[in-house]
Amino acid sequence: MKLSGDWIEAAHVQRVLAMLETAGHCAFLVGGCVRNAALSQPVSDIDIATDALPERVITLAEVAGFKAVPTGIEHGTITVVAEHVPHEVTTFRRDVETHGRHATVAFSTDVREDAARRDFTMNALYARADGTVIDPLGEGMNDLETRHLRFVGDPAQRIQEDYLRILRFFRFTAWYGAPERGIDAEGLAACAAFSAGIETLSRERIGHEMRKLLAAPDPAPAVAAMQACGVLARVLPGADARALAPLVHLEGTRAPDPLRRLAVLGGTEVAERLRLSKPDARRLERLQNAMAEDLDDAVLGYRYGTQDACDALLLRAAFLGQEIDDSRWNRVEFGASRHFPVAARDLMPRYEGAALGAQLKALEERWIASGFTLSRDALLR
C-alpha cells in the first residue's frame, strides 16, 4: 500500500524526513498519521521513528535550521519544529523493564523491535517518505483493513506495561473497530483481569481518555463492553451504560458531545474523578438538573436555554426509550426566546431585600403559568 495526500507531501514533513535520511538514518512516519491516512481519515499529529539517537536528531535539526525541543529526550523523543509545525521524532526503542505506568527503554536500530513494543497492531504501521507502508509485524495492515483492534503480542503484557492501554483499547475500538465484528475477546479478557491497574492512573489521564472515547461517532458498544468487564465501575462508580445506545440513536446528526454522554452514564463524583474543568463541571451539573426536573418543554427552554434544554430532552427520552416529536424542539426554542418583562427596579421601593426577591419570583411564576403571555403592566397590577 502507498499513502498519498497533502499531509505527506507537505514540504515540512519531507524536509524533516530528508534531514534524517541524507545523514544515513532510517526515517519512517509512524502510528496515527499512517493509520488515519490509510483509512482516508484526517491526519493531525506527525510522528516519525528513526534509528538516529536523540542527540543526533538535535544536531541534525539545528544544522538544518529547525528548532529542536527535547520534550521527552529520556524516552528518545525530540520535537522538531519545521515551518512552525511540530514533528515528534522518536528513536527506535525496546522495553527493558516496565512498571505499569512508566517503562525503562533502550534505544534500538531495529524497526521490528520498535513495532513490537507498540500498543495495537494497527498502530504499528510505518511509512516511507514516498508513502510506501511498512508492516514490520506482518499483522497491522490486515487488522486495519478488517478494522480489528487488537493488542500487539500478548495483551496481558501490553497492559502491564501501561495500564492506560485498557482505556485506549476501548477508545480505539470505538473509533476504528468494525461494529459487526464485535470487540476483541482476548483483549477484553485481559482488560478485565488487570482492571485494578486503572487505580494507579492519574485522573487527568483517565478523564482525557474518557472524553476521547465518548467523542466517537458511536461509543455505545465499547462502553457497554467496559461495563460488562468491570472497567467502567473502576472509572466511574455507579455509572450505567444502558441508556447510551438510545441516546446515540436520538442524537441523529447532532455532533457527538462527551458531556451529554457523560450525563447519561451517571455515576458518583464524575467531575472530580475525570478532573473536568470548572465550566464543564458546571455544564454537566446543569444537564443533570435539567434532566431531573419535570418541566414543560417551553419552561425547560426558558430555564436552561436552547442547548441544555434540548440535551435534557434527549437524555430523558434515552432513559425512557422514547422518540421525540419534532414539535417539542419548537417548544423549547419558544421558551428559550422568552424574556421576563419585570425587573427589580419595577418593584422598588415598595419591595426590598428578601421581599423583593420573593415578589419577583412570584410574578415570574405567574408569567410562566400564563404561557409567557402576561404583559409587564398586567403583572404589576
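The residues listed here are Leu250, Leu284, Leu314, Leu259; of these, the one that is hydrophobic (A, V, I, L, M, F, W, C), in a helix (DSSP H, G or I) and in the same structural domain as Ala239 (by TED's automatic domain parsing) is Leu250. In the stretch 85-106, the qualifying residues are those that are at pLDDT 95 or above and not acidic (Asp, Glu), and the one that is surrounded by the fewest Cβ atoms within 10 Å (Cβ to Cβ) is Val85.
For every residue, the table says whether it meets (1) in a helix (DSSP H, G or I); (2) aromatic (Phe, Trp, Tyr); (3) loosely packed, with under 15 Cβ neighbours inside 10 Å.
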{"residue": "Pro279", "(1), (2), (3)": "yes, no, yes"}
{"residue": "Tyr302", "(1), (2), (3)": "yes, yes, no"}
{"residue": "Phe334", "(1), (2), (3)": "yes, yes, no"}
{"residue": "Arg350", "(1), (2), (3)": "no, no, yes"}
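Looking only at the stretch 18-35, count every residue that is surrounded by fewer than 24 Cβ atoms within 10 Å (Cβ to Cβ) and aliphatic (A, V, I, L, M) and tell me the total. The total comes to 3. Scanning the stretch 283-340 for residues that are in contact (Cβ under 8 Å) with a residue 40 or more places away in the chain, more than 16 Å from Leu250 (Cα to Cα) and aromatic (Phe, Trp, Tyr) returns a single hit, Tyr302. What pairs come out if I take residues in the stretch 66-82 that are in contact (Cβ under 8 Å) with a residue 60 or more places away in the chain and pair them with residues that are among the β-branched types (Val, Ile, Thr) and assigned to a strand (DSSP E or B) whose C-beta lies under 7 Å away, six or more apart or interchain? Hits for this filter: Val80/Val89.
Within the span defined as the stretch 209-226, one or more residues are small (Gly, Ala, Ser), under 30 Å from Glu9 (Cβ atoms) and at pLDDT 95 or above. Candidates in the stretch 360-374 are the residues that are surrounded by 15 or more Cβ atoms within 10 Å (Cβ to Cβ) and touching a Leu at 6+ places or on another chain (Cβ under 8 Å); of these, the one that is farthest from Gly335 (Cα to Cα) is Leu360. With respect to being in contact with a helix residue (DSSP H, G or I) (Cβ under 9 Å, 6 or more places away or on another chain), surrounded by fewer than 19 Cβ atoms within 10 Å (Cβ to Cβ) and over 24 Å from Ala312 (Cα atoms), Ala193 fits the description.
Residue count for the stretch 116-146, restricted to those that are among the basic types (Lys, Arg) and touching a strand residue (DSSP E or B) at 6+ places or on another chain (Cβ under 6 Å): 1. Please verify whether the stretch 151-164 includes one or more residues that are of a type in the set (A, V, I, L, M, F, W, C), crowded, with 20+ Cβ neighbours inside 10 Å and over 28 Å from Thr50 (Cα atoms). For the stretch 151-164, residues of a type in the set (A, V, I, L, M, F, W, C), crowded, with 20+ Cβ neighbours inside 10 Å and over 28 Å from Thr50 (Cα atoms): absent.
Going residue by residue through the stretch 324-335, is there one that turns out to be more than 19 Å from Ala243 (Cβ to Cβ), among the basic types (Lys, Arg) and modelled with pLDDT of 95 or more? Yes.
Take the conditions (1) surrounded by fewer than 22 Cβ atoms within 10 Å (Cβ to Cβ); (2) in a strand (DSSP E or B); Val80 misses just one of them, which is (1).
Please go through (1) surrounded by 20 or more Cβ atoms within 10 Å (Cβ to Cβ); (2) modelled with pLDDT under 95 for Ala241 and return the number of the only condition it doesn't satisfy. So Ala241 meets the others, but not (2). Just one of the listed residues (Thr59, Thr50) is in contact with a strand residue (DSSP E or B) (Cβ under 6 Å, 6 or more places away or on another chain), more than 16 Å from Gly131 (Cβ to Cβ) and of a type in the set (S, T, N, Q), and it is Thr50. Within the stretch 336-348, take every residue that is part of a helix (DSSP H, G or I) and surrounded by 13 or more Cβ atoms within 10 Å (Cβ to Cβ) and give me the one that is modelled with the highest pLDDT. Residue satisfying both the conditions and the ranking: Ala336. Return the total of residues in the stretch 36-65 being over 30 Å from the mean Cα position of the chain (by Cα), in a loop (DSSP other than H, G, I, E, B) and either crowded, with 16+ Cβ neighbours inside 10 Å or in contact (Cβ under 8 Å) with a residue 40 or more places away in the chain (or both). Final tally of qualifying residues: 4. So, in the stretch 264-277, exactly how many residues are part of a loop (DSSP other than H, G, I, E, B) and under 17 Å from the mean Cα position of the chain (by Cα)? Of the residues in the stretch 264-277, 4 are part of a loop (DSSP other than H, G, I, E, B) and under 17 Å from the mean Cα position of the chain (by Cα).
Among the conditions (1) touching a Pro at 6+ places or on another chain (Cβ under 7 Å); (2) crowded, with 16+ Cβ neighbours inside 10 Å, the only one that Leu313 does not satisfy is (1).
The values are calculated or read from the model by the stated rules, or taken from the named source; none is laboratory data. All values derive from a computational prediction rather than experimental measurement. Note: ideal-geometry Cβ built from the backbone for every residue, glycine included; neighbour counts use all protein chains shown.
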